[in-house]
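Each remark here refers to the structure printed beneath this line.
The values are calculated or read from the model by the stated rules, or taken from the named source; none is laboratory data. Because the structure is predicted, anything quoted here is derived from the model rather than measured. Every residue, glycine among them, receives a Cβ derived from its backbone with ideal geometry; neighbour counts consider all protein chains shown.
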């Protein structure tokens with residue numbers, strides 16, 4: 001399990017502030033994680049894979065692997081979709097349209113030419129498009 005170290009320290013504490021900036025870059029600030037958790041539905045949760053992410057512990061609670069995965073990918077690639085719901089819909093549509101173009105990798109995942117990765121059953125690991 002991963003623990004976020006930033007707990008509201010003043011920016012003068014440069015080490016904590018730098019850690020906060022790194023967490024923000026990875027989509028793992030408390031605000032980002034809470035935003036995902038507030039928008040996520042059972043359907044969205046079931047559309048994403050927990051693979052490759054670990055839970056995050058914060059003073060406000062634990063955020064599971066799926067929330068962390070969605071938060072990271074929305075921050076990295078998905079802000080153009082304006083919402084996690086829309087990004088998930090687009091990712092599912094991409095999989096439906098391109099399923100035959102994916103190649104099974106060493107981990108048993110479907111990797112697509114654009115870098116998107118899915119479980120063979122269609123759950124999203126990484127959506128890049």
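In summary, no strands (runs of 3 or more DSSP E) completely within the stretch 26-129 bear 3 or more residues that are surrounded by fewer than 16 Cβ atoms within 10 Å (Cβ to Cβ) and free of Cβ contacts under 8 Å to residues at least 40 places away in the same chain.
Taking residue 129 and the conditions (1) closer than 17 Å to residue 37 by Cα; (2) more than 11 Å from the chain's Cα centre (by Cα), which numbered condition does it fall short on, given that it satisfies the others? Tallying (1) closer than 17 Å to residue 37 by Cα; (2) more than 11 Å from the chain's Cα centre (by Cα), residue 129 fails exactly one: (1).
Looking only at residues in the stretch 3-20 that are loosely packed, with under 15 Cβ neighbours inside 10 Å and under 18 Å from residue 59 (Cα atoms), the one that is modelled with the highest pLDDT is 17. Residues of the stretch 81-108 that are at pLDDT 95 or above, within 24 Å of residue 41 (Cα to Cα) and out of contact with any helix residue (DSSP H, G or I) (no Cβ under 7 Å at 6 or more places or on another chain): 86, 89, 91, 93, 94, 95, 96, 97.
The residue that is modelled with the lowest pLDDT, counting only those in the stretch 120-129 that are closer than 17 Å to residue 68 by Cα and touching a strand residue (DSSP E or B) at 6+ places or on another chain (Cβ under 7 Å), is 126.
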